[in-house]
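Take a look at the structure below.
The values are calculated or read from the model by the stated rules, or taken from the named source; none is laboratory data. All values reported here derive from a predicted model rather than from experimental measurement. Note that each Cβ is placed from the backbone with ideal geometry, even for glycine, and that neighbours are counted across all protein chains shown. Ligands, DNA and RNA are stripped out before the accessible areas are found, and what is left, the full protein with its side chains, is counted by its heavy atoms. Shrake-Rupley method; radii C 1.70, N 1.55, O 1.52, S 1.80 Å.
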Amino acid sequence: MFEFQYLTPGQPVIFKDQYVTKVTECIKTYKHDAKGDIGIIGLPVSKSSISPSLAADAPKTVRNALHAYSTYSGERNHDFKDIHVLDFGDVHTHPTNLIETTERVYISVREMIQTNACKRYIMLGGDHGVSFPSIRAFHEQFGRIGVIQWDAHHDVRNFEDGGRTNGTPFRSLLDGGYLNGEDLIQIGIRDYSNAEEYHNYCIRNGVTIYTMDDIDSMGIVSIIQKETERLAQKVDFIYLSVDMDVVDQAFAPGCPAIGPGGLTSRELLSSISKAVKHPKVKAMDIVEIDPSKDVRDITSRLAAHVIIRFMYT
Ligand code: CA
């Protein structure tokens, strides 16, 4: 039989360096009874967004962005190519019924946890509304959990004006009893992006708030170190919820709610690296990337680096 030497019909040509392992080479599709270090699931939901958003497309662009990077850390002189990641795929959402979609996200995250295939998990949003069913699923499996939320916004809006949206996930969790206010830490809350009512709601519920000013004066890495240690005294499971709009618009132009005065990409990455060093940090969601508004996938690429920092502790 005739075989081509260099030609693969119907396949893109991909350069392969024999000494380089790409992050995506260590990600395999989940199959029954498979075991891995980290599970990934896509939560492609953005119809619950207050502002127009195609964040439902982000699981695809973030996965693609992972292919741009290698498994080797020069700073740590270590190749993480032996970390096995299992990809559970994307949740099949309902085209019109948001309550049904929220339930499907909850059930799918719960099912992923119940496979016991992995010890740590990454959820790819989607808008921030997905954090409500996702954190609910972790709470019901693991009991009391702590949450560190990177976000420009409190996300505790009232339900009267719009129901459950990407502006309400933490109100849903606090009011529903799935999360204690004292176990929620908000990082990077920004001026002129919130309302007094929602600041007061957080304070009433015992939520710890760090504004951008606090980060300027205290340093984000020392804040994260202090808060992970404080949470770890109360809970056995810490969940990171990373809204990419915590990052300055210069570094994350693909967020629906962009603005100035946010974190640099280095501040985000160094704070994630610090958080994941604690063994009780076992899950992370990453949300609010709209690839249709992005520039050269800058925001998806930053999200890919956040994920790499989470994977390679
Ligand atoms: Ca948010």
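For the pair residue 144 and residue 21, label points projected 7 Å from Cα toward Cβ lie 3.9 nm apart.
Helical runs assigned H by DSSP (4 residues or longer) give the chain a calculated mean residue ellipticity at 222 nm of -9500 deg cm²/dmol, each run adding -39500 (n - 2.57) before division by the residue total. Charge dipole (Cα centre; +1 on Lys/Arg Cβ, -1 on Asp/Glu Cβ; no other charges) of the chain amounts to roughly 900 debye.
Values of log10 I(q)/I(0) for region 114-191 across q = 0.20, 0.22, 0.25 Å⁻¹ run -0.93, -1.10, -1.35, by the Debye formula with one identical scatterer at each alpha carbon and no solvent. Each of 233, 114, 295 was placed along the dipole of region 23-311 (beta-carbon charges, centred on the mean Cα), and the one lying farthest toward the positive end is 114. For region 7-59, run through the chymotrypsin sites (Phe, Trp or Tyr not before Pro) and keep only the ones in DSSP coil with at most 12 other Cβ atoms within 10 Å of their Cβ. For chymotrypsin sites (Phe, Trp or Tyr not before Pro) across region 7-59 that sit outside H, G, I, E and B with at most 12 neighbouring Cβ atoms in 10 Å, the list reads 15, 19. For residue 60, what accessible area in Å² do you get when you roll a 1.4 Å probe over the heavy atoms of the protein chains, rounding to the nearest 10? Ignoring ligands and nucleic acids, residue 60 comes out at about 130 Å². Projecting the Cα positions of 307, 255, 205 onto the charge dipole of region 190-313 (unit charges on Cβ atoms of Lys, Arg, Asp and Glu, taken about the Cα centre) puts 307 furthest along the positive direction.
Each residue of region 218-231 was assigned a 3J(HN,Hα) from its phi angle through the Karplus curve 6.51 cos²θ - 1.76 cosθ + 1.60 (θ = phi - 60°); the sequence is 9, x, 5, 5, 5, 4, 5, 4, 4, 6, 5, 5, 5, 4 Hz, with glycine and proline shown as x. Summarising the amide proton neighbourhood of residue 219: residues at separation of 5 or more, or on other chains, whose placed amide H is nearer than 5 Å comprise an empty set. Ligands, DNA and RNA excluded, the heavy atoms of residue 92 present near 140 Å² of accessible surface to a 1.4 Å solvent probe. Mean sequence separation of contacting Cα pairs (under 8 Å, at least six apart), scaled by the length of the chain, corresponds to a relative contact order of 20 percent.
By the rule of a C-alpha distance below 13 Å, with chain neighbours fewer than 8 residues away ignored, the aspartates and glutamates paired with residue 47 are 57, 100, 127, 288, 290. Which of 296, 76, 104 moves most in a GNM of the chain, Cα contacts under 10 Å? Residue with maximal mean-square fluctuation among 296, 76, 104: 76. Computed over the alpha carbons of region 273-313, Rg followed by Dmax gives 12.0, 36 Å.
If the Kirkwood radius is taken over C-alpha pairs of region 10-136, then at 10 °C and 1.306 mPa s the Stokes-Einstein diffusion coefficient equals 99 µm²/s. Taking the inverse of the mean reciprocal distance over all distinct Cα pairs, the Kirkwood hydrodynamic radius of the chain comes to 19.8 Å. Taken per residue, the accessible surface of the chain reaches 48 Å², heavy atoms only and a 1.4 Å probe.
Derived scalar couplings between HN and Hα for region 46-58 equal 9, 6, 8, 7, 5, 9, x, 8, 10, 4, 4, 7, 5 Hz in order, rounded to whole Hz, by the Karplus curve 6.51 cos²θ - 1.76 cosθ + 1.60 (θ = phi - 60°), x for Gly and Pro.
Shape class for region 115-257, computed from the alpha carbon gyration tensor (a ≥ b ≥ c): rounded, with a/c under 1.5. Using Cβ point charges alone (K and R +1, D and E -1), the dipole size of region 199-271 about the Cα centre works out to roughly 220 debye.
Close amide H pairs (under 5 Å, H built 1.01 Å from N) link residue 87 with 28, 29, 30, 40, residues at least 5 positions away or on another chain. Taking K and R as +1 and D and E as -1, what net charge do the other residues with C-beta under 13 Å from the C-beta of residue 303 add up to? That works out to -4.
Legend: calculated FRET efficiency, residue 99 to residue 159, from the Cβ-Cβ distance at R0 = 22 Å, rounded to 0.05, equals 0.95. When the accessible area of the chain is computed with all protein chains present and a 1.4 Å probe, what percentage of it is carbon and sulfur? That fraction is 51 percent. What the phi angles of region 20-25 give under the Karplus curve with 6.51, -1.76 and 1.60, with θ = phi - 60°, is a coupling list of 10, 10, 7, 3, 5, 5 Hz, glycine and proline written as x.
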